[in-house]
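The values are calculated or read from the model by the stated rules, or taken from the named source; none is laboratory data. The shown structure was predicted, so the numbers you read here are calculated from the model rather than taken from an experiment. Virtual Cβ from ideal backbone geometry, glycine too; neighbours counted across all protein chains shown.
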Amino acid sequence: MSFSTELLIKVGIVLAIAPAMALACTLLDVKGSAWMQRRPGPLHVGLRGFIFPLAAATKYLQKETIIPDEVDEPVFKWAPAWVIAAVMGLFTIIPLSPTLIVRDLELGVFFLLAISSISTIGVLTAGWSSANKFSLMGGLRAAGQLIAYELPLILSVVGVVIQAETMSTVGIVEKQIEFGFPFIIAGQGLAFAIFMIAATAEMMRTPFDMPIGESELVMGFMTEYSGIRFLIFYISEYINLFVMCAIAATIFLGGYHFPFLPTEWVNFYGPLVMLGKTFGLVFLLVVVRWSFPRFREDQLQTLAWKVLIPLSLLNIMATSIMKVVF
Amino acid sequence: METLDIISYFLLLVLLLSGIKVVTTSNVIHAAIFLVFTLATTAILFILLAAEFVALVLILVYIGAVIVLFLFGVMITRAPLGPNAELDNDKNKIFAALLSLSIFGIFTFILIQTFDSTVVISEGTSTKLLGEILLSRFVFPFELVSFVLLGALIGGITLARKDNALIDEDQI
């Protein structure tokens with residue numbers, strides 16, 4: 001098979017899988033909220049609430065696209081594209097099995113950090129170009145938050161990279177199989193906690209949802225968006241949720257590996273194990289989302305700069321000392 | 001001509017056009033976005049040259065941090081976004097053209113002097129090699145650069161920090 005055909009097939013599969021995973025995450029999120037807060041809608045209405053995400057998507061698709069007079073039109077129209085392109089690009093390095101991966105890059109984890117930083121531009125330009133004070137404030141808060149939490153996200157992964165001696169995602173999983181324990185037990189528990197907190201902040205989910213903050217900023221940087229463009233922001237949020245949890249499952253929880261199962265059958269059970277672990281983490285974030293109140297803006301910055309970054313630096317130091325000792 | 005060559009020339013064209021747009025557009029935010037295109041195209045060219053690490057550093061540092069801080073700065077400082085009559089004088093155009101042409105000339109001269117028509121082929125990716133060289137042969141300049149960054153950091157904090165004596169105690 002030629003390179004371009006292979007590429008086309010891979011892109012096609014990712015384009016088909018990503019919205020499906022976003023749909024599953026949305027369903028888990030609304031059903032979780034309904035289950036925790038006794039909301040009747042998503043539990044009982046229409047096929048026991050399972051029709052909800054499809055109905056929401058259809059609703060946004062048939063809505064009118066409203067573009068206010070004062071907006072900077074090209075910037076405003078293209079802002080959602082940055083965000084969705086960045087999150088779709090991350091599918092490249094998610095391994096469902098040693099061979100079932102778009103491309104096992106040598107710089108896998110570094111690729112994740114580089115590509116995920118692109119979506120910040122989308123958020124910022126959306127906030128600026130909307131010509132709306134709420135949007136601008138939302139964009140500003142988002143930028144401050146994304147810059148602050150990108151650092152602990154990167155630094156917590158560095159500990160894993162030092163321990164695994166590789167940046168490739170498949171390589172990290174193989175190292176964990178060789179160890180016998182996933183990295184969350186074998187020394188990187190703190191890094192896992194930091195990664196999950198920073199990832200939640202990067203996704204702008206509650207308790208870190210100040211950039212959206214409905215009660216203060218209407219819808220933050222998305223205030224002026226409607227119809228299909230709002231849907232793109234919404235979907236990319238959930239795709240991002242899936243991707244971040246998949247990455248966390250890969251580098252901390254052993255990815256596609258499951259103890260006591262024969263490794264030669266990994267291509268069959270690998271995707272199921274991987275999806276199971278991923279959706280377990282998604283469920284964890286759903287529970288966090290519907291249990292915690294929103295932080296205050298200064299508390300959020302304090303948490304990042306004064307707690308998470310020093311802790312992750314400490315983690316790197318401890319990991320490198322252990323690496324030299326053993 | 002191979003497909004790769006066609007892609008390379010197309011990317012160079014995009015690079016050139018977006019680079020020109022960065023300096024000719026009269027809106028600061030548009031200039032920043034065209035700069036993103038310029039940097040992204042450069043990153044793709046680096047990937048085509050099998051320098052993955054440089055490409056990803058370009059994306060992480062320049063697109064992910066520098067441009068974001070740039071947009072952030074523009075948004076919080078109420079900087080004038082549109083054309084500015086004071087800055088828009090024609091007499092500097094000749095100097096600008098001369099300066100850019102001379103920089104172009106110097107780079108072309110150095111590149112032709114150094115490589116001429118020799119083809120450099122690297123075996124696979126070289127990130128591991130890069131790391132080893134940085135921490136062995138070039139460890140001194142590497143550490144020196146980090147001290148420069150530390151100095152810049154301390155300088156930035158000193159400039160931005162209010163003098164203790166001037167802070168009204170009620171405000172804290």
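Quick look at the values:
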item	result
Conditions (1) within 14 Å of another protein chain (Cβ to nearest Cβ); (2) of a type in the set (S, T, N, Q); (3) in a helix (DSSP H, G or I); number of the one not met by residue A:200	(1)
Subset of the stretch A:168-193 (residues that are within 26 Å of residue A:305 (Cβ to Cβ) and touching a helix residue (DSSP H, G or I) at 6+ places or on another chain (Cβ under 7 Å))	A:183, A:184, A:187, A:188, A:190, A:191, A:192
Selected residue [more than 14 Å from chain B (Cβ to nearest Cβ) and buried (at least 18 other Cβ atoms within 10 Å of the Cβ)] from A:129, A:168, A:97, A:119	A:97
Selection count where residues are within 12 Å of chain A (Cβ to nearest Cβ) and either more than 20 Å from residue A:77 (Cβ to Cβ) or assigned to a helix (DSSP H, G or I) (or both), scope the stretch B:22-45	13
Set A:39, A:103: member being surrounded by fewer than 19 Cβ atoms within 10 Å (Cβ to Cβ) and away from chain B (no Cβ under 14 Å)	A:39
Positions within the stretch A:1-30 being touching a residue at least 60 places away in the same chain (Cβ under 8 Å) and of a type in the set (Ser, Thr, Tyr), in sequence order	A:26
From the options B:50, B:55, residue that is on the phi > 0 side of the Ramachandran plot and within 13 Å of another protein chain (Cβ to nearest Cβ)	B:50
Positions within the stretch A:72-94 being part of a loop (DSSP other than H, G, I, E, B) and more than 12 Å from every other protein chain (Cβ to nearest Cβ), in sequence order	A:94
Matching option when the condition is modelled with pLDDT of 90 or more, part of a helix (DSSP H, G or I) and not small (Gly, Ala, Ser), among A:268, A:242, A:233, A:221	A:242
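Results for (1) in contact with a Ser or Thr (Cβ under 6 Å, 6 or more places away or on another chain); (2) at pLDDT below 80; (3) surrounded by fewer than 10 Cβ atoms within 10 Å (Cβ to Cβ); (4) among the β-branched types (Val, Ile, Thr), shown as yes or no for each residue.
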position	(1), (2), (3), (4)
B:123	no, yes, yes, no
B:132	no, no, no, no
B:137	no, no, no, no
B:143	no, no, no, no
B:159	no, no, yes, no
B:162	no, yes, yes, no
